[in-house]
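Here is the structure we will look at.
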Amino acid sequence: MKPQSTKLVRYRLILTTVTLLMGLFFHLQGISAFWGPFFLFYFFIFLLYGNTIAFALLMRLKKVKNLSFLIYTQTTADALIITGIIYITGGGESGFTPLYILAILESGVMLERKGGLMAATVCSIYYGLLLNLQHFWVIPSLSARLPYHGNVLIYTFLFYLLAFYMAGYLTGYLAEEVRKRGKELIQTKEDYDRLEAFNRDVIQSMMSGLLTINPKDQITFLNKAGEAILGAKAAVYKNRLIKDLFPALKENFREGLRSRMETTAEKPDGEQIKLGLSISPLKDHRGNKVGQIIIFQDLTLIKDMEESMRKSEMMATIGQLAAGIAHEIRNPLASISGAIQLLKEEEEGGESSDRLMEIVLAESGRLNRLITDFLLYAQPPKLNKKKVDIAGLVDSTLEVFSRSPQWTQGTKLAKIMGPNITIAADPQQLEQVLWNLFINAVDAMEGKGLLEIRAHKDDEGKIVTLEVSDTGKGIPPKDIKKIFDPFFTTKDGGSGLGLSIVHKIVEIHGGTLAVESRHNRGTTFTVTLPVA
Ligand code: ADP
């Protein structure tokens, strides 16, 4: 049931009860000179109650299909009952005539102006009829003082007519206004809700963290991005002091600094993060300051990238410098080893000088290899791409390698080559890749084991995979991340540049390099290269 009709039922009940009490009072006081039989009065009151209860029940059951019809019927019934009450309480002289307002109000409230005016008309007709019928003795008058003078009746009738229409119009008008205001209110509330939801969505969808603090520096709100950056739900931070969250920030938040600042914060898991933040005053709709808004971003990644950029720039400079020095060393080194070689051949020295010369030759050879590797790593030659048949390249490299001093007898060889594996690459650089991987494999197997080379093209024919496997000692897990770092070596006399060079060559070819190793079971290096 609508609140409007509930109120109406209540109001009808009150009014009917007041009427009943008044009647009872008159009854008990014995003021009966103008009255018809009392039981009729109570009967009409009973009908009024019945009408009200019937209305309440119908509204509650929500069975009403045609509200206007129900109200019109009820109003007509009400007006009829009230006319009955008026008749037995003295007709034109009855003090109960204003009871018609009961019928008018109901119709006006429920059906607005149209209903109010209709009810006023019905009441006027009934009342007019009653007065006339009594005046002309069509029905017996219960009042002792009748017949009245016709003018008095007209005056009474017109007076009530005006009252009925005024009541009908006003109730209808007010009911209409209430409905309009209600609608406007609902609309305003909907607009407000929508705006609030919009603001909430904007704040929650922001990529930056946003938090607010109250004048006591306590955190009052934290958005979703903020939760993600700080690594905990808003509830964890709620009411905590901002100083606890950003201990490194010494500023006084109450001053509402607007400038951009950087600070560090600690996540609940202990991770330190770098933040960039700006603060601005938080004002309510009246413009009063109610706290501060802090907008922040996670700078950890940017700062780390800046750091690694700085490092790689530094490394590049150092690399250039080192490459320059390496070049400079190579020439005198060649002269030294050449000179020693000559000395060795010409001079007939003692045994010890022979041994010393051997050492000089071996060490200068090692130094030369180191410098060659280093230069290859620091300044790889330009890519000179050609059509390369991978199977052919593997064959020719193996041919040379198996005759080189690096090869150990006892090592077995296996090849599994897919058909027609031709790619666009720099053959010399690919040879270098194979060579370095072969050396490492043979070194790891220490004289016995199987060196296996596999190559195949993917189904789409776009990528070639080249695998070099050995059955050697494997790479310990603690080293696996470091093996591609320049100068990382576990070998006596190793340069630690072999894999760095492989990595670099594969990279400039647009390929990838991966490693898989198991302790004492062997290692597989997988190189992928684009066909074109
Ligand atoms: P170097 O061979 O001069 O040491 P590399 O860069 O070629 O330099 O290799 C780095 C290190 O990686 C080696 O010292 C070795 O410990 C490890 N490593 C590389 N390949 C293998 C392999 N096939 N099996 C076991 N360890 C390997």
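Is the shape of segment 483-532 best called rounded, prolate or oblate, per the rule: a/c under 1.5 gives rounded, else a/b larger than b/c gives prolate, else oblate, with a ≥ b ≥ c the square roots of the Cα gyration tensor eigenvalues? Taking the square roots of the gyration eigenvalues as a ≥ b ≥ c, segment 483-532 is oblate.
Could you list ILE295, ILE186, ILE279 so that the one with the fewest beta carbons within 10 Å of its beta carbon is first and the one with the most is last?
ILE186, ILE295, ILE279
Across segment 358-363, rounded Karplus estimates of 3J(HN,Hα) from the backbone phi angles (6.51 cos²θ - 1.76 cosθ + 1.60, θ = phi - 60°) give 4, 4, 4, 4, 5, 5 Hz, Gly and Pro being marked x. The Cα-based radius of gyration and maximum Cα-Cα distance (Dmax) for segment 57-102 are 13.8, 41 Å. Ranked by the mean number of other Cβ atoms within 10 Å of their residues, highest first, the peptides 434-445, 511-522 come out as 434-445, 511-522.
Rank-order 122-130, 394-402 by packing density, defined as the average count of other C-beta atoms within 10 Å over each peptide's residues, highest first.
Those peptides, ordered most packed to least, come out 122-130, 394-402.
Sorting THR372, THR19 by the number of Cβ atoms found within 10 Å of their own Cβ, with the fewest placed first, yields THR372, THR19.
Ranking of ASP389, ASP201 by neighbouring Cβ atoms within 10 Å, starting from the fewest: ASP201, ASP389. Kirkwood-type hydrodynamic radius, the chain: 34.9 Å, calculated from all non-identical alpha-carbon pairs.
Between helix 3-29 and the chain there is an angle of about 30 degrees, using the helix long axis and the longest principal axis of the Cα atoms.
Kirkwood hydrodynamic radius of segment 439-483, from the reciprocal of the average inverse Cα-Cα distance over all distinct pairs: 12.3 Å.
Taking Cα atoms, how many degrees apart are the long axis of helix 38-61 and the longest axis of the chain, rounded to 10 and kept between 0 and 90? With both axes taken from Cα atoms, the answer is about 20 degrees. Rounded to the nearest Å, what's the spacing between the alpha carbon centres of segment 365-429 and segment 460-476? Just the number, please. With segment 365-429 and segment 460-476 each reduced to a Cα centre, they are spaced 15 Å. For segment 148-197 versus segment 295-327, the inter-centroid distance based on Cα atoms is 81 Å. Determine, at each q value in 0.12 (inverse angstroms), the log₁₀ of I(q)/I(0) that the Debye formula gives when each Cα of segment 446-532 is one equal point scatterer. One equal scatterer on each Cα of segment 446-532 leads to -0.41. Only DSSP H runs of four or more residues enter the estimate; each adds -39500 (n - 2.57), and after division by the residues of the chain the mean residue ellipticity at 222 nm equals -19500 deg cm²/dmol.
The numbers here are math on the coordinates, done by the rules we state, and not lab data. It should be emphasised that the depicted structure is a prediction, and the values quoted were computed from it without experimental measurement. Cβ coordinates were reconstructed from backbone atoms using ideal geometry, including for glycine residues, and neighbour counts include every protein chain displayed.
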